Amino acid sequence: MEVFVYGTLKPKESNYSAYCAGKVINSKTVYTRGHLYHLTALGYPGLTEGEGWVKGILLTFNADYDLGLLDGLEDYQPGRDAEENEYQRRRIPIYNLERELIGEAWGYMMTPAKIAFHGGIWLPSGWWTSSDRE
């Protein structure tokens, strides 16, 4: 199972050790399409749909990894109304470093309304690190 991560789940970021370490069998730098925002009220990023390029890490997890762990972290419940979820988990296109489509992976996206609510600041570079915190 593959998951595109762009924030605190990236290697060396705050949630990687608790949710990913020892469970990831491969990782590589990739892109997806969208717009990335630093959520000033929360100190982590949110991804929306868009035509820009967002750089992240494609994590390949062990076959028995429970995606529900990430759903809990991202405040996503499949049966709940979309407005009640913080993030929406969905299949998103993944591109290599040459920006050629290589497949799809799970990703967590936010609605523009949630981005605005959390004081999102657009990151035109398409890359977030914990040093972006204010």
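The values are calculated or read from the model by the stated rules, or taken from the named source; none is laboratory data. Since we're looking at a predicted model, the values are computed, not measured. FYI the Cβ positions are ideal-geometry reconstructions off the backbone, even for glycines, and counts take in every protein chain you see. The protein model used for the area step is the full one, side chains on, heavy atoms only, and it has no ligands, DNA or RNA in it. Shrake-Rupley method; radii C 1.70, N 1.55, O 1.52, S 1.80 Å.
Structure data summary
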quantity	calculated
Furthest towards positive pole of dipole, L67, T29, G43, structure part the chain, Cβ charges	T29
Cβ-derived FRET efficiency at R0 22 Å, R90 paired with L69, nearest 0.05	0.80
Accessible carbon and sulfur surface of the chain relative to its total accessible area, %, 1.4 Å	50
Correct choice for Cα extents along the principal axes in Å that was computed from the model, options (1) 61, 48, 26; (2) 40, 32, 27; (3) 36, 35, 26	(3)
Potential lengthening between T60 and S130 on full extension [0.36 nm per residue; Cα-Cα distance subtracted]	23.0 nm
Exposure rule at most 15 other beta-carbon atoms within 10 Å, DSSP loop trypsin sites (Lys or Arg not before Pro): the chain longest free segment	24-79
Full-extension gain in nm, K28 to E49, via 0.36 nm per residue minus C-alpha separation	5.4 nm
